[in-house]
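Chemist: Dumping the structure here so I can ask a few things about it.
The values are calculated or read from the model by the stated rules, or taken from the named source; none is laboratory data. Just so it is clear, the model here is predicted, and its values are computed rather than measured. All Cβ positions, even for glycine, are placed from backbone atoms using ideal geometry, and neighbour counts span all protein chains on display.
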Amino acid sequence: MPFARQSLSLILLAALAGGCAFAQSADESGPWDAPQPAVEKLDLTMYQRIREEGLMHSHIMEYASALSDDIGPRLTGSPNMAKANAWTRDQLTAMGCVNAHLEDWGEFGMGWQQLNTWVRMTSPDTAVFIAQATPWSPSTHGAVTGEATIVTINDEKDFDKYKGKLAGKMVLLGEMRDVPPVDKPLFTRYTDEELKKMEEYPTAGGPGPDYQKRLQAYMKRYQLTEKIAEFLAKEHAAGVIRPSRDAEDSGGSGGTFFDDNGAALGRTPYKADHAVKVPVVVMAIENYGRVYRLLEAHVPVSLQMDVETKFTGDHEHGFDTVAEIPGTDPSLKDQVVMVGGHLDSWIAGTGATDNGAGSVVAMEVMRILKALDVHPRRTIRIALWSGEEEGLFGSRGYARDHFGSAPLSTAPDQLIMPEFLRKAAGPLSLKPEQKLISGYFNVDNGSGRIRGVYLQENAAVAPIFSQWIAPLKDLGVSTLSMRNTGGTDHLSFDAVGIPGFQFIQDPLDYETRTHHSNMDTYERLQPGDLKQAAVVEAIFVYNTAMRDQMLPRKPLPHPELRDKQNAPLPGLFPGAVEPK
């Protein structure tokens, strides 16, 4: 009941009242420099109103179905991405947001759609296989049949083994991996012990002693993939079949496959001058294994493939959807609190958990606040990004255009790297808007409910957020972690000195089954979790918009630290959540 909940919340707040705020710091003076209160002024009546609207009158699953079922997968630059941009803009306008519009962050590359893909075995037996085209694969231009052959290329010298031998062949590119039994749950929630462990800051720090070794191995493979694609096209291979990669706890099996840039060939297959010229599919590991074992046993295998794809332009631009609830306090309305997530997805599923979930949560945050007729002191702005999956392009472009940027190195060894791994070649150059953003809140770890916040090493915000979450303990929100977490759009804000936060979410089956897979569909969304996430994020956004001071800031990041924080290279950063 409301009275009991408010009484409990007041007791919790009183227990926090003895604390004091940490010192603030920033490279330039700003409204975040003002002394922060030891006790936050929380509107517990608004907490209750947000809870009631978000939990009892939610529209979140309607948004989720429209986005994932109706529009479907949203590859950046594709017609479906354009539909999603237009639909979210119109929905935000319909709920009463103002200035709903699309912002062009620049040229992305080729627009592409998968229209149809199938692969089957015609001998020594007939079988229908589970497979899809990899993003930006060309068409086969009708069904093609060829003899299957295994190709293993780990170094450029391996090309010589296959010269003149691949014309008209169906190339199995990649060794067969072990497929252990699924002996652990694919669907889990954080235990109290695991959440407690997140509160411990890893004292080792840094990217670990094997950083350079792993980076070199990554770059070697990154450069080799494009040469492999060129070689296979030159040798006139009929098609290429990639095995589905593994996921945590053997999630990459049972008909689940992962169809992202890890399966595609080429460094930037979405760029016309790096286009892949041979059809490429990714196949469920069990189907791949059957063909692989037959070939290893010297049994000839014939495969038939039909890949039907459509390119819609070589120079498609990327767009972010942006809308606002205007601030009303004359002295604060030019300041902004932002909420968002990435709207783009891969293509094997419908992008429901990655990141349709975060997008519809952000939309529901705006709907809740408009439904309650909130008049925020600061302006509340939603931004739904595109190009996240290829390197945070949408949010980085927005940060570049509005807040500032640092020049990237043009040294020869840097130009061959993905843009997100290139080093900064100079200090940040900031724009006036950078001073006006209080904070950015992001959801991008699937459909799981919010359990806390990664503070991104912002110690000064810890005593503030600890008070904000005290009345949310009964919703399961309990954990503040000083750790950095990588791989998504809050990094674009953190990199330019703006407080940017990703929430801690229950893992569910995100990493084990849905992340970039053909199982990333509406059925994997958890309605109760999404409602809870929208309520929690709405409260964080409301509190940020209403408090007297902006959120405290860290010092502007040193270029070397900024490089390491923004590099979404899996496994490089012990102590952080694995980047995507």
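Chemist: Answer yes or no as to whether residue 400 is basic (Lys, Arg) and either closer than 25 Å to residue 106 by Cβ or surrounded by 24 or more Cβ atoms within 10 Å (Cβ to Cβ) (or both).
Modeler: Numbers: basic (Lys, Arg): yes; either closer than 25 Å to residue 106 by Cβ or surrounded by 24 or more Cβ atoms within 10 Å (Cβ to Cβ) (or both): yes.
Spelling it out, residue 400 is indeed basic (Lys, Arg) and either closer than 25 Å to residue 106 by Cβ or surrounded by 24 or more Cβ atoms within 10 Å (Cβ to Cβ) (or both).
Chemist: Then there is this: Restricting the search to region 141-165, which residues are among the small types (Gly, Ala, Ser) and part of a loop (DSSP other than H, G, I, E, B)?
Modeler: First, the residues of region 141-165 that are among the small types (Gly, Ala, Ser): 142-143, 146, 148, 164.
The answer is 142, 143, 164.
Chemist: Do the conditions hold for residue 244, that is, is it hydroxyl-bearing (Ser, Thr, Tyr) and buried (at least 17 other Cβ atoms within 10 Å of the Cβ)? Even if it seems obvious, please write down each step before you answer.
Modeler: Numbers: hydroxyl-bearing (Ser, Thr, Tyr): yes; buried (at least 17 other Cβ atoms within 10 Å of the Cβ): yes.
In short, yes.
Chemist: Hey, any hits in region 548-569 for a residue that's modelled with pLDDT of 95 or more and either within 19 Å of the chain's Cα centre (by Cα) or outside any loop (DSSP other than H, G, I, E, B) (or both)?
Modeler: no
Chemist: Ok, one more. Give the number of residues within region 377-415 that are in a helix (DSSP H, G or I) and of a type in the set (Val, Ile, Thr).
Modeler: Step one: filter region 377-415 for residues in a helix (DSSP H, G or I), giving 393-402, 412-415.
Then keep just the ones that are of a type in the set (Val, Ile, Thr); that gives none.
Selection size over region 377-415: 0.
Chemist: Then there is this: Which members of region 328-376 meet the condition of being of a type outside the set (A, V, I, L, M, F, W, C), in a loop (DSSP other than H, G, I, E, B) and under 18 Å from residue 101 (Cα atoms)? Give the derivation first.
Modeler: Filtering region 328-376 down to residues of a type outside the set (A, V, I, L, M, F, W, C) leaves 328-331, 333-335, 340-342, 344-345, 349-351, 353-356, 358-359, 364, 367, 370, 373, 375-376.
Those left that are additionally in a loop (DSSP other than H, G, I, E, B): 328-331, 333-335, 344-345, 349-351, 373, 375-376.
The one that is of a type outside the set (A, V, I, L, M, F, W, C), in a loop (DSSP other than H, G, I, E, B) and under 18 Å from residue 101 (Cα atoms): 344.
Chemist: Determine whether residue 277 is basic (Lys, Arg) and part of a loop (DSSP other than H, G, I, E, B).
Modeler: Working: basic (Lys, Arg): yes; part of a loop (DSSP other than H, G, I, E, B): yes.
Against the criterion (basic (Lys, Arg) and part of a loop (DSSP other than H, G, I, E, B)), residue 277 qualifies.
Chemist: Specify the residue that is farthest from residue 227 (Cα to Cα); the eligible residues are those in region 148-204 that are within 26 Å of the chain's Cα centre (by Cα) and polar (S, T, N, Q).
Modeler: The qualifying residue farthest from residue 227 (Cα to Cα) is 191.
Chemist: Of the residues in region 101-117, how many are of a type in the set (Phe, Trp, Tyr) and closer than 13 Å to residue 73 by Cβ? First the steps, then the outcome.
Modeler: Initial filter on region 101-117 (of a type in the set (Phe, Trp, Tyr)): 105, 108, 112.
With the extra rule that they be closer than 13 Å to residue 73 by Cβ, the set shrinks to 112.
Result for region 101-117: 1.
Chemist: While we're on this one: Within region 366-381, track down each residue that is more than 16 Å from residue 43 (Cβ to Cβ) and in contact with a strand residue (DSSP E or B) (Cβ under 6 Å, 6 or more places away or on another chain). Steps first, please.
Modeler: Applying the first criterion (more than 16 Å from residue 43 (Cβ to Cβ)) to region 366-381 yields 366-367, 370-371, 379, 381.
The answer is 366, 379, 381.
Chemist: Mind listing whichever residues of region 410-449 are under 26 Å from residue 550 (Cα atoms), surrounded by fewer than 19 Cβ atoms within 10 Å (Cβ to Cβ) and of a type in the set (Lys, Arg)?
Modeler: 431
Chemist: For a quick check of your reading of the model, give me the residue pairs whose first member lies in region 264-293 and is under 19 Å from residue 234 (Cα atoms), whose second is among the polar types (S, T, N, Q) and buried (at least 23 other Cβ atoms within 10 Å of the Cβ), with beta-carbon atoms closer than 6 Å and at least 6 apart or on different chains.
Modeler: 264/134; 279/137; 280/134; 280/137
Chemist: Could you say which residue among 142, 174, 109 is on the phi > 0 side of the Ramachandran plot and surrounded by fewer than 16 Cβ atoms within 10 Å (Cβ to Cβ)?
Modeler: Values: 174 fails: surrounded by fewer than 16 Cβ atoms within 10 Å (Cβ to Cβ); 109 fails: surrounded by fewer than 16 Cβ atoms within 10 Å (Cβ to Cβ).
That would be 142, the only listed residue that is on the phi > 0 side of the Ramachandran plot and surrounded by fewer than 16 Cβ atoms within 10 Å (Cβ to Cβ).
Chemist: Please find, within region 531-560, the residue that is farthest from residue 503 (Cα to Cα) out of those that are of a type in the set (Asp, Glu) and surrounded by fewer than 24 Cβ atoms within 10 Å (Cβ to Cβ). Write out each step before concluding.
Modeler: At the first step, the residues of region 531-560 found to be of a type in the set (Asp, Glu) are 537, 548, 560.
From what is left, the residues that are surrounded by fewer than 24 Cβ atoms within 10 Å (Cβ to Cβ) are 548, 560.
On the way: 548: 23, 560: 25 Å.
Within region 531-560, the match that is farthest from residue 503 (Cα to Cα) is 560.
Chemist: Got a number for residues in region 83-114 being touching a residue at least 60 places away in the same chain (Cβ under 8 Å), aliphatic (A, V, I, L, M) and under 25 Å from residue 309 (Cβ atoms)?
Modeler: Within region 83-114, residues that are touching a residue at least 60 places away in the same chain (Cβ under 8 Å), aliphatic (A, V, I, L, M) and under 25 Å from residue 309 (Cβ atoms) number 2.
Chemist: So which residues in region 57-95 are out of contact with any strand residue (DSSP E or B) (no Cβ under 6 Å at 6 or more places or on another chain), assigned to a loop (DSSP other than H, G, I, E, B) and surrounded by 15 or more Cβ atoms within 10 Å (Cβ to Cβ), if there are any at all?
Modeler: 58, 59, 72, 73, 74, 75, 95
Chemist: Scanning region 416-437 for residues that are hydrophobic (A, V, I, L, M, F, W, C) and part of a loop (DSSP other than H, G, I, E, B), which turns out nearest to residue 406 (Cα to Cα)? Walk me through it before giving the result.
Modeler: So the first thing to find is which residues in region 416-437 are hydrophobic (A, V, I, L, M, F, W, C), and the list is 416-417, 420-421, 424-425, 428, 430, 436-437.
Next cut, part of a loop (DSSP other than H, G, I, E, B) only: 416-417, 425, 428.
On the way: 416: 19, 417: 17, 425: 7, 428: 4 Å.
Across region 416-437, the extreme among qualifying residues is 428.
Every residue, every condition in (1) in a helix (DSSP H, G or I); (2) more than 20 Å from the chain's Cα centre (by Cα); (3) farther than 24 Å from residue 120 by Cβ, yes or no:
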position	(1), (2), (3)
225	yes, yes, yes
228	yes, yes, yes
246	no, no, yes
254	no, yes, no
262	no, no, yes
266	no, yes, yes
273	yes, yes, yes
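Chemist: Out of 127, 84, I need the residue that is modelled with pLDDT of 95 or more, more than 20 Å from residue 170 (Cβ to Cβ) and of a type in the set (A, V, I, L, M, F, W, C). Which one? Before you say what the answer is, go through the steps one by one.
Modeler: Working: 127 fails: more than 20 Å from residue 170 (Cβ to Cβ).
So the residue among 127, 84 that is modelled with pLDDT of 95 or more, more than 20 Å from residue 170 (Cβ to Cβ) and of a type in the set (A, V, I, L, M, F, W, C) is 84.
Chemist: Same structure, new question: Taking region 387-420, which residues are more than 24 Å from residue 316 (Cβ to Cβ) and within 23 Å of the chain's Cα centre (by Cα)?
Modeler: 403, 404, 406
Chemist: Report, ordered by the first and then the second residue, all pairs with beta carbons closer than 6 Å, sequence separation of six or more or different chains, a first member in region 443-468 that is assigned by TED's automatic domain parsing to the domain that holds residue 359, and a second member that is modelled with pLDDT under 95 and assigned to a helix (DSSP H, G or I).
Modeler: Pairs found: 467/16.
Chemist: So residue 168 clears everything in (1) touching a Gly at 6+ places or on another chain (Cβ under 6 Å); (2) part of a loop (DSSP other than H, G, I, E, B); (3) at negative phi except one condition, right? Which one?
Modeler: With respect to (1) touching a Gly at 6+ places or on another chain (Cβ under 6 Å); (2) part of a loop (DSSP other than H, G, I, E, B); (3) at negative phi, residue 168 is out only on (3).
Chemist: Every residue in region 477-512 that is buried (at least 24 other Cβ atoms within 10 Å of the Cβ) and charged (D, E, K, R), please.
Modeler: 489, 494, 509 - these are the residues of region 477-512 that are buried (at least 24 other Cβ atoms within 10 Å of the Cβ) and charged (D, E, K, R).
Chemist: While we're here: Just to be sure before I move on: is residue 578 of a type in the set (D, E, K, R), assigned to a loop (DSSP other than H, G, I, E, B), at pLDDT below 95 and on the phi < 0 side of the Ramachandran plot in the structure I sent? Spell out how you get there, then give the answer.
Modeler: On the way: of a type in the set (D, E, K, R): yes; assigned to a loop (DSSP other than H, G, I, E, B): yes; at pLDDT below 95: yes; on the phi < 0 side of the Ramachandran plot: yes.
Answer is yes for this residue.
Chemist: May I pose another question? Looking at 339, 374, which is the one that is closer than 28 Å to residue 509 by Cβ and of a type in the set (Val, Ile, Thr)? Spell out how you get there, then give the answer.
Modeler: Numbers: 374 fails: closer than 28 Å to residue 509 by Cβ.
Matching residue, one of 339, 374: 339.
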